[in-house]
């Protein structure tokens, strides 16, 4: 079994009782894709991942890896590699023994096994620690062992369950980059569960945002960032100004009297306007509707908290030479950068 | 002697014995014996080993297998292994044999060995219907630890009545009659010798002095041997063999003792019946009877002629008329109320020992106080306290009543639904608790008056 | 696949899915149920049925009688009092010992741990005699006290005496299980608490003890049930007004085949089950599974200063107290006569000569039977604990309860039941199955299974499920994951279970007396019984008792060595 495959989740429901953990979830993940499940805790993202790995069986729906329907296969027959959040390294085995385990299960011969274990450990840079036990390794090293242990079996799909959550911040960024480069190198279909949108943005080709056991939106990170399907996605992927109002042609009018000219229209009569802080344009205007309430200097960016006729908005402006800098109490005129506003259903 | 004492069957059996002996049935027949002989026994290794060795020497083709069981486990084993039973059941407790006999688990046989006595004391040696046979006799008595007695400055006891004395308070042990067939016979013996009411009064007054009612026969000699308490009401060989093993103990037979046989029987459906019969004949032969005199065994032969070889001072119930012959034992009476007496003793003594001790302790204290300083009213209270602490809650007629005694016998299909054992027991327990508490209160009051 | 089969197969898969089991797990469950049915349910029911039999068939009137009988109610409350008291006293003995052993670097910790098992090995009769000779009212201690100070301490009198002896006898249950639990605590748990400012007693009370709770509760529940159901000690102390002796006395009275004994047994079983269920409730919902590091135990510290004195004094006190009966047995085995004196009159080695000449084969038999029985127990214990913890099989808690119920089944009842059920079944060659020595092994295993089950269950609770899932993910089936991952990780608990089963089986008597059918098949406990029936047999009986204790202590020591090596390997300080 070699080569990588796509994953097809078809109308999967899972759970007992009235509120299912997963509710009619469908997804198509292409072969070679780095795909993220993003959502808050309790959203069902880990459950979905575990269903793909075979820990639990959907109440209804099918799961396919490539052309294979794996819905009823036990975990050990799926060839879907998973790295657990706590790494789940076996404390009674050495690093090498941990990594060799999957090959043993596949009845790989001794010589071949040793060779592949060595390769896998070399790939994650731990060849020197093969004889150690997990308890003697640092968190980052344990993470690499877990990864090596999974990759060595050449799974068709790699599942990562919050793989970086147990690491410190610096290590997290490093490992993230390593994961991405590893994935790009191997082209292995990878599903990555995280609650951290930055991690998802940084790694995934595409991602699915989950909440309450349902998929809220699927798409590339930028697409989701710019064109969220609903309030939840808009808010979960980053800071967003959300304004309820009426749309007349391409002019959006907020109840406060604030108006924005947008480049697009919408079929909805009362949509929600989402504007990312960096897409809100400020201009000095003594009679402007916005009043600067607060300013934060974040280095390359200045962040303003603005009160506009009762609406509270956040704007971020690059801090560079020649740009105006506003102080608290200053009045400004507000507009949306062309294409910088998105209309969401109410 | 009454008719009951010597029924017709007995005379016939005796005749049969004589005839069999005359025909030479006892002649060794080793060629025909089976290769194995499986014996279930409650006897200790000290008893079984010499016999097994001697028997195998006499019958070289037979391999004796001894299965040691306490009596309960032995009976249960025989009962559960009917499809492929052992050959011989060999134990002290006559009641176990009664149970086996009732369960049709024994096979009748007529031992041919000559010279065996018919009775020991007043107790018939063999089962009237020929299902089990006495091979040795033992009598109940008092065993005491000489070091203990000396250290506690106790007088040497001679009679059951001595054990009622306040000086023995907290120094005596007994095994429960429900747990030891031989203790049961002692209790029944006292009841028959002194009469129901008076007998129970004696038992309860001795009960007041008891420190332990053991759940197993050997628990009592064990404790006396160790010196945990000083006196034990035990069967003679426990005392005699302990003395022979070097323990600082002595044994005395009281006047009203029961000399009872230890028995052996062939199990129904025995796989090796010839060897089983040969074993019984061996037990009753001169060679077999002689082994009983071994100091580690110390049981009384049932063949009176054997006492000629016994060491000096060896008790001989066939000659020493004081031993066991004072009481004419009525075994039918005993059998009819067997379970009832056991249960009654447990309710009144075993399970209420603490309360009984307290009542008698108070009575002793009051009497001692009154002896120093007389007080008529106090004396009256003590008499009442004594009455309360020594009254049995059921009269003899009821105890001998088949329907009432029957409530204590094993559940069987033909048993009439009537009063249940549990109901009687609850009544007796309440009686004991209440009476003992009242007795203590009265005695305490009397003691206070004598201050 | 034939078209017809498809829905059937699908339904089958559906059912397995709902139960969360693989076919292999299901097969395992079926095997276990079959074993328990054959050797526990059927034999015991065939005896216990007497509790429900009246003159006209089925009846519950005897149960009514139980509750109408004040002696039984009194006995019930006495039993409850004694069991609770014994748990408290046993905890006071065991918890500090377990903690000291887990916390500090002790020279000879292994020895102490092994000695911790020895109190469980109380050979029948000899143990009682020795106990009386040491702690009895005219035992060594009291004779000396009386000589020197003119008073005695009633160690072995009344219900409190029962509590004292029971606690000394059974505290190892807590020690063993708690030690296994402590060894599984991740040191980072403790370190993080220290980091937050907790230390000393607070650290123990708030962090360490709660984390080790599954082990403590497992042990305490065993002590409770065992004491509640015990009859040896109450009879030794002549305390008959407790439930177990009441049941036993009634069942074993010759000719008294009355139902009440079985009614009491049934009530003992029911109450024991309730106690175990309660202990299950206490630990349920507490996920103490160690994450990632897989334990390694608390960080060991060297003992210094007054702490060292305190710890050592305490441990020595416990060891001396709990081993006194064994010292008594040792003295007895070398004694000529020992009667009403602090020490025997003289010493001799002839009892050992007797024993080695007559009963050498019994030692081999004990090793064989108890080894096999303990192995069966551990295999079953791990399997059952695993099925309960890791599947949703219907009735899995019932299975657990069923096993725990055997704790309260009197050995005599099981022995009679096995004879009744299997005596008619013949092995090839016409030998009744019940007389085959293997039945003795099974009898031992059945009644000791609860020990192994609780030990394995507590250990399993501390293994995070993801460790197995990782193995499954890498291609291991359920049973492979169990064998390769779970079993090595719960070695400590398994060994604790093994040792407990072995130790208690080595001195079992009631089943032994029914199921031993030939002298060549007899184990040591039978030999002790036979010797102890006569005054001359006391010495040889004690010598056999000493041998039984040594056999068990050696076994415990080796087990400890293995467990300790495993702990070191998994800990951070170990080397590969």
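Across region B:342-351, a minimum of one residue is classified as touching a strand residue (DSSP E or B) at 6+ places or on another chain (Cβ under 6 Å) and not in a loop (DSSP other than H, G, I, E, B).
Name the residue that is nearest to the chain's Cα centre (by Cα), counting only residues in region C:460-490 that are in a helix (DSSP H, G or I) and modelled with pLDDT under 85.
Start the filter on region C:460-490 by keeping residues that are in a helix (DSSP H, G or I), which leaves C:460-461, C:465-473, C:478-489.
Next, only the ones that are modelled with pLDDT under 85 stay: C:461, C:478-479.
On the way: C:461: 19, C:478: 29, C:479: 27 Å.
Looking at the filtered set, the residue picked out is C:461.
For region C:30-46, taking the residues that are within 23 Å of the chain's Cα centre (by Cα) and within 26 Å of residue A:74 (Cα to Cα), the one that is surrounded by the most Cβ atoms within 10 Å (Cβ to Cβ) is identified as C:32.
Those helices (runs of 4 or more DSSP H) of region A:154-267 in which at least 3 residues are under 14 Å from the mean Cα position of the chain (by Cα) and under 30 Å from residue A:289 (Cα atoms), considering only elements entirely within it, cover A:231-236.
Checking the stated criteria, residue C:541 turns out to be within 14 Å of chain B (Cβ to nearest Cβ), modelled with pLDDT of 85 or more, assigned to a helix (DSSP H, G or I) and in contact with a helix residue (DSSP H, G or I) (Cβ under 6 Å, 6 or more places away or on another chain). Determine whether region B:128-137 contains at least one residue that is within 14 Å of chain C (Cβ to nearest Cβ), modelled with pLDDT under 90 and out of contact with any strand residue (DSSP E or B) (no Cβ under 7 Å at 6 or more places or on another chain). Looking for residues that are within 14 Å of chain C (Cβ to nearest Cβ), modelled with pLDDT under 90 and out of contact with any strand residue (DSSP E or B) (no Cβ under 7 Å at 6 or more places or on another chain), one finds none in region B:128-137, hence no.
For region C:490-508, the count of residues that are within 7 Å of another protein chain (Cβ to nearest Cβ) and either out of contact with any strand residue (DSSP E or B) (no Cβ under 9 Å at 6 or more places or on another chain) or under 28 Å from residue B:226 (Cβ atoms) (or both) is zero. Going by the conditions given, is residue B:202 surrounded by fewer than 23 Cβ atoms within 10 Å (Cβ to Cβ), away from chain C (no Cβ under 13 Å), in a loop (DSSP other than H, G, I, E, B) and touching a helix residue (DSSP H, G or I) at 6+ places or on another chain (Cβ under 8 Å)? Criteria not met by residue B:202. Filtering region B:233-269 to residues that are in contact with a helix residue (DSSP H, G or I) (Cβ under 6 Å, 6 or more places away or on another chain), within 12 Å of chain C (Cβ to nearest Cβ), at pLDDT 90 or above and farther than 22 Å from residue B:320 by Cα leaves B:242, B:247, B:248, B:249.
Can you give me the ranges of the helices (runs of 4 or more DSSP H) entirely in region C:74-166 with at least 3 residues that are away from chain B (no Cβ under 12 Å)?
C:109-115, C:140-149
Yes/no per residue for (1) more than 30 Å from residue B:36 (Cα to Cα); (2) buried (at least 24 other Cβ atoms within 10 Å of the Cβ):
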residue	(1), (2)
C:473	yes, yes
C:497	yes, yes
C:523	no, yes
C:532	no, yes
C:557	yes, no
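Scan region B:62-81 and tell me whether some residue there is at the interface with chain C (Cβ under 9 Å from one of its Cβ atoms), part of a loop (DSSP other than H, G, I, E, B) and at pLDDT 90 or above. No - not one qualifying residue is present in region B:62-81.
Among residues that are more than 9 Å from every other protein chain (Cβ to nearest Cβ), under 27 Å from residue B:400 (Cβ atoms) and surrounded by fewer than 24 Cβ atoms within 10 Å (Cβ to Cβ), residue B:281 is not included. Out of B:156, B:202, one residue alone is over 19 Å from the mean Cα position of the chain (by Cα) and over 29 Å from residue B:39 (Cβ atoms). It is B:156. From the list B:153, B:107, B:118, exactly one residue is under 27 Å from residue C:339 (Cβ atoms), more than 10 Å from every other protein chain (Cβ to nearest Cβ) and surrounded by fewer than 23 Cβ atoms within 10 Å (Cβ to Cβ). Which is it? Result of the check over B:153, B:107, B:118: B:153. Restricting attention to region A:59-85 and to residues that are in contact with a strand residue (DSSP E or B) (Cβ under 6 Å, 6 or more places away or on another chain) and in a loop (DSSP other than H, G, I, E, B), the residue that is surrounded by the fewest Cβ atoms within 10 Å (Cβ to Cβ) turns out to be A:59. Among the residues of this structure, residue B:241 does not count as one that is over 20 Å from the mean Cα position of the chain (by Cα), over 24 Å from residue B:108 (Cβ atoms) and not assigned by TED's automatic domain parsing to the domain that holds residue B:80. For region B:37-57, a residue qualifies if it is more than 11 Å from chain C (Cβ to nearest Cβ), in contact with a helix residue (DSSP H, G or I) (Cβ under 9 Å, 6 or more places away or on another chain) and over 10 Å from residue B:279 (Cβ atoms), and the qualifying residues are B:50, B:54. For region B:82-98, taking the residues that are within 12 Å of chain C (Cβ to nearest Cβ) and assigned to a loop (DSSP other than H, G, I, E, B), the one that is surrounded by the fewest Cβ atoms within 10 Å (Cβ to Cβ) is identified as B:83.
One line per residue, one yes/no per condition, for (1) farther than 26 Å from residue A:168 by Cβ; (2) loosely packed, with under 15 Cβ neighbours inside 10 Å:
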{"residue": "A:110", "(1), (2)": "yes, yes"}
{"residue": "A:116", "(1), (2)": "yes, no"}
{"residue": "A:120", "(1), (2)": "no, no"}
{"residue": "A:123", "(1), (2)": "no, no"}
{"residue": "A:128", "(1), (2)": "no, yes"}
{"residue": "A:135", "(1), (2)": "no, no"}
{"residue": "A:138", "(1), (2)": "no, yes"}
{"residue": "A:146", "(1), (2)": "no, no"}
{"residue": "A:150", "(1), (2)": "no, no"}
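Residue count for region B:342-385 satisfying the condition of being over 19 Å from residue B:173 (Cβ atoms) and surrounded by fewer than 22 Cβ atoms within 10 Å (Cβ to Cβ): 16.
For (1) closer than 27 Å to residue C:435 by Cβ; (2) in contact with a helix residue (DSSP H, G or I) (Cβ under 7 Å, 6 or more places away or on another chain); (3) away from chain B (no Cβ under 14 Å), each residue gets a yes or a no:
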residue: C:353; (1), (2), (3): no, no, yes
residue: C:360; (1), (2), (3): yes, no, yes
residue: C:370; (1), (2), (3): yes, yes, yes
residue: C:387; (1), (2), (3): no, yes, yes
residue: C:404; (1), (2), (3): no, yes, yes
residue: C:417; (1), (2), (3): yes, yes, no
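Among the numbered conditions (1) away from chain C (no Cβ under 13 Å); (2) touching a residue at least 24 places away in the same chain (Cβ under 8 Å), the only one that residue A:60 does not meet is (1).
So for region B:420-437 (the condition being touching a helix residue (DSSP H, G or I) at 6+ places or on another chain (Cβ under 8 Å), part of a helix (DSSP H, G or I), under 19 Å from residue B:167 (Cα atoms) and more than 11 Å from chain C (Cβ to nearest Cβ)), does at least one residue qualify? The answer is no; no qualifying residue exists. Scanning region A:291-323 for residues being modelled with pLDDT under 90 and surrounded by 16 or more Cβ atoms within 10 Å (Cβ to Cβ) gives a total of 2.
The values are calculated or read from the model by the stated rules, or taken from the named source; none is laboratory data. As the structure is a computational prediction, the values presented were derived from the model and not from experiment. Using ideal geometry, Cβ is built from the backbone for each residue, glycine included, and neighbour counts are taken over all protein chains shown.
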